[in-house]
Structure formats: C-alpha cells, structure tokens
1. Please report the base-10 log of the normalised intensity I(q)/I(0) for chain B, using a Debye sum with one equal scatterer per alpha carbon and no solvent, at each q in 0.08, 0.10, 0.12 (1/Å).
2. Given N residues in the range A:59-141, what is Rg(Cα) / (2.2 N^0.38 Å)?
3. Please report the antiparallel percentage of DSSP beta bridges with both residues in the range B:56-201, rounded to the nearest 5.
4. From the cross-link list B:122/B:170; B:173/B:296; B:170/B:296; B:41/B:173; B:41/B:156; B:122/B:173, which pairs have alpha carbons spaced over 25 Å apart?
5. Based on the Cα gyration tensor of the range B:222-303, what are the three equivalent ellipsoid semi-axes, each the root of five times an eigenvalue, rounded to whole Å and given largest first?
6. Using the Cβ atoms and a cut-off under 15 Å, what net charge is assigned to the surroundings of residue A:251, where Lys and Arg are +1 and Asp and Glu are -1?
7. Who wins for biggest fluctuation among B:288, B:228, B:155 in a Gaussian network model of chain B, springs between alpha carbons below 10 Å?
8. What list do you get for A:39, B:79 if you sort them by fewest beta carbons within 10 Å?
Amino acid sequence: MESRTLVHPGIIADESPSTRDPTPVRWALIGIALAFFAVFLLLPLLTVFAEALRKGWGAYLAALTNPDALAAIQLTLLVAAIAVPLNLVFGVTASWAIARFDFVGKRVLITLIDLPFSVSPVISGLIYVLLFGAQGWFGPWLQEHDVRIIFAVPGIVLATIFVTFPFVARELIPLMEAQGWEEEEAAVVLGASGWQVFWHTTLPGIKWGLLYGVILCNARAMGEFGAVSVVSGHIRGLTNTMPLHVEILYNEYNYAAAFAVASLLALLAIVTLGIKELVERRVHRHSSPGSRENES
Amino acid sequence: MSIAIRHLSKRFGAFQALDDVSIDIGSGELVALLGPSGCGKTTLLRIIAGLEYADRGEVLLDGDDASHRHVRERQVGFVFQHYALFRHMSVFDNVAFGLRVRSRKLRPTEAQIRERVVRLLKLVQLDWLADRHPSQLSGGQRQRIALARALAVEPKVLLLDEPFGALDAKVRKELRRWLRQLHDEIHVTSVFVTHDQEEALEVADRVVLINSGRVEQVGTPESVYETPATPFVANFLGSVNLFHGRIEGGQLHVGEHVIGLDSGDREPGGGAVAFVRPHDFDLVPGWPAGSGLPAKIERVVSIGPTAQLELSRGDGEAGEPIEVHLDRQTLGRLGVREGDRVLLRPRRIRLFQTDALAA
C-alpha cells in the first residue's frame, strides 16, 4: 500500500560534494516533481473547490443542505461509524493472533487479509450480491424472513467492511512482530490478567500505529465507490453514500452540486492527510532507533 | 522456596531442548544454569517460571506440583535477558506495576505501594531515577530496575535469564558482585542462566552444567572446576589442553611419547582423553628422554604476573596449539624463549576413557 520512507534529517547536508548531483540535474528533478504534483494533484483539488463555488456560496450551501445530500452524508457517516469500529476490533484481534501465535493456516490468514487490496472493489460488491442477492445463495432464505441486505444499508456496511478490512491489520502486524512478546510476558509474570496485559503493555505500544490504521480505514470507508456502488442500488435518500451521490448529480449535469458534495470528500481527504502526517511523526518518533535498545 | 525438577523433557519440533532433566534446588540457594547457547538452559528457566510447558516431567515448588499452576500464581520473579521494561512507563511505574495490577482485595494502598517502590529503588541504588523512562537509562541501570520490578511482588523464586549478557565487561563484573551481595541480603531462592563460566563460578552457590538438553554435572564451583565429571565439563570450564592417547602399564601414551600418571589416574588400559589446564604444566628445557611431551615454544605473551605460552607439538602432530601459563619468575628461571624446545610434564591430568565414552 503506501510507502513510508523515513527520510533522515541531514542526509542532504551530510552529503559530500562528490556524491551530490550537479545543480542543473537537481533543479530539473525538483522541477519535474513539482510540475507533476501541480498538474495531477493540486490542480484537480483546486478544480473541485472552484467548480463547487462557481455559482456562489448560496448554491453551494443549497447543494449540501438538499435532503438527498444530507441523507447521503448521514448514510456515509453511519457506514463509517459501523465499519471502522468493527475493523478496529477485527484488525487488533487478527494481528494479535498472527504476531503472537503459531497456528495452522497462519500463512493463509495473512494472505486473505490482503485479499480486499488485490481484488477489484467491483468484485467485492458482486460477492455480496451473489451471496445475499435475490438470486444469491442466501437470497431465498433472506426473502422468506424479510431481511434486506442487498440494495439496503446492511449490504453497504458489509461491502465497506470488506474493502477496508486490511488497513488496521496491515498496520499492526509488522509493528507487533517487531515489538516482540517480552513486555507482555513480563506483565504476566508480574501477575497481570489478560486484559491488563493488553491495556497496559500492548496497547500503549501500538496506539499510534493503530490510530494511523484507523484513519486510513476511515478515509477509505467514507470514500469507497466501487463495492458500494454494486450493492447499493442507488436509491436516492436511502442507499446513496456521498461518492454515489456525487456520481448521480454529475450524470444529471448538475455540476455545481456534484462538486459541492465532492468538495466535502476532498476536505475529508485533506483533514485525513493532516492527521495522518501528525500521527506518522509520532509513530516515527516512538519507533526511532535508540528508543528501545541503546546501550553501548 | 525449594524447587525440584523431575524428569523434564521438552521438544521443539525435531529439536530436543531438554532431555530427562532432574535438579534439586534448595531454599535460599543461588544456582547457575551454565551451558553453551542452545543447550536448553533458557527453556528450563522458562518452564520453571511457567512461561513454557514441558512435554514430560514436573516442577515442584516447595514440594507441590506446579506444572498446572498459571504463571501468575507461581510467585516467581523473572528478569528477562533484554530486561523487557515497559517502555512507556516511568521507572517508578515499572516497579509498581506488579502491585497495581493486583485485585482490589490484595492490592496495597497507593501510599504502601509508594513506600515499597522507593525502598526497592534504594535497594538497587537507583532511587534518583524514579521519574525517568527506560530509554533514558544505561544497560546496567535497566538491569537493576528489572530486578527491582521482579522483587516488588515479593517472589518466592527469582529467575534471571542471562542477567549480564547484554552489558559491557566492566559493568558486568560490577553487577555480578552486586547481585551476589543482594542475594546474601534478601536470600530469595535464585536461579540464573548464563553461558559465561566465569560468571557462574564467581556468583553461584552451585552450578548446573547443561549440554544438549542434559545435565552433565551439578556441584559447587570448586568441585565442578577441580573434578569435572565429564569431558564436556572439563572442556567447557576454563581453558584446557586436550590429548588423545592410550593408557598402558600405568602410563599415558600420546603418540610415541609417554606421560607418567599418578596412582589415582591409573585406570585399566584402553583409549583415553587427557585434559590438562594451562597452569598445570612443568617445563623442562630441551628434549631430554623420559616422561613428558616434547614441544616447541611458538609465542610468549608476558603481560602481568602470568606469562602465556603457546606451543606446538614436537612430534609434528597437527592440532590446536598447546597453552601453558607460568608465572613470570618461573619463566625467567627457565630462560626459555620463542623457538626453544621444551618437554611438557603435566602436574595434574584429568583422564576420561574413550571406550567408556563410546558406551
């Protein structure tokens, strides 16, 4: 997923003239990087806000307070509020099991955790349609008992959970494996119960990594389009999340409204990146070399 | 609390970590489990603590079978090799942890906890570090905090895994002496694991030598050093020279040379391995006829009161150089130098019959 390169401060300052690239090359590289960033990242972001505000603040606010838009915002928040805590619990449990125990099927579990990343979101949605849809495996049974999953909120929640499942676990597994088991063992020998061990030794060690995973998980949960699109049925005011609402408005040539709702998602992304940056700094400070073993 | 280990065996896959181990440790004793890395000593320690389970055998604490008692209820203190201090807690909170996690009924008041933690920090002479975090401490300080934390719950048994392994030589020596003093003060039954024979011999009341999951010898430091029971022990404790030969007519034949034996060493004939410590040789200049092994001095390192000589076999047999320690005066009196020929006469030999070994 994302690459987290830890750039050492001072790496440029320490470079000797013999290993430094010639100035023109340096400027060319920086120039290309900045131009690329401007055209492909900054410009679209600005476009979103520019388009959203093209008809003025009144139209912008009207687009956001439209009942359908409000329903979409509400649904998106609801889905995230269910999917993120569940994935938090699943993620911690799965990474605990993988990092701490050896068991049959461990490799398979590690591979399966990555499945949502490797499979197209559309397929993820289709899996649930095949399982719970009218013609699906459990379809008849569900219809008999009057339970609606596909084209209803439960389906959206399920698809979102599936798609966002790896974020927390992927963040925690390497962290917990690197931290080892000794502190927990020390706590057990000192008489701590299982819950006390988790609360006092495991959690403090993983909290920043955990928060980082939750932030990414949340961003994806709110922004997921493909899988949700398949299971939602696009019923206005009922099963439209924000990304789906944006698409519908756009298809209706209602650009200003589409971009207004999109601007909310963009804002969410910016805030997420901001928090992520802060958390990342904490994570690196806590796992920086020397904080664990620095006797010489 | 006394510890009795009865017929303990443990496998990790195809690896036999412990093989029918039985040891008795008396109340208040300080015992070292000594052996090369991978010999199973740490596994044994972890089984005593309850962090690992044996495949067979049992651990009796004060005569009661503890095999099925949970770690929490065994009342052991464990000091981990890398200390395993809680990184995010201050030194004070680390030491207080074992008291604070107790159930409400058994938990001392916060004032009592404070008092006990301060007392323990004074005991390990680090009360001025109470507010620091583990990352701000040196290795030796962390080690002592880990010890204070283990002692806070008033364990009946103290278990230490390579307690000085990660420290530099000087600190290690200091802490060793300090641990011995501490034990004499608090007298809690203690078992520590080490691969460093010097450490084991200096600190422990008794030493348990372990090799490949088996107990080779148990005894006081003097007895295991002076009268090793097996070739492994002879080889492992201190530096030693090894000669293969045969016993015939009350003499040891090494190649074509003959070394006279004390009556005590005269075992009936057959193949034998002889161990001679570097300081148990007499040197005779030249290669006169008679009992002894001809050798050539290759190197003399004469620093401090003892001179260390490295010799090669005079009969051209390849192999490890022979190590001999002499005091400087003796070396001066003999007047031998590098390149000289000498006859080596062992004063003390530890003999093991190889036929018996094979059996």
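Each reported figure results from applying straightforward, stated rules to the coordinates on display, with no laboratory input. Here the structure is a predicted model, which is why all the values come from computation and not from measurement. Cβ: placed from backbone, ideal geometry, glycine included. Neighbour counts: every protein chain shown.
1. Result of the Debye calculation: -0.53, -0.75, -0.94.
2. Cα-based Rg divided by the globular estimate yields 1.57.
3. In the range B:56-201, approximately 20 percent of DSSP beta bridges are antiparallel ones.
4. The pairs that break the limit, which is 25 Å between Cα atoms, are B:173/B:296; B:170/B:296.
5. Gyration-tensor ellipsoid for the range B:222-303: 21, 20, 11 Å.
6. Within the 15 Å Cβ shell, the charges total -2.
7. B:288
8. By the 10 Å Cβ count, ascending, the order reads A:39, B:79.
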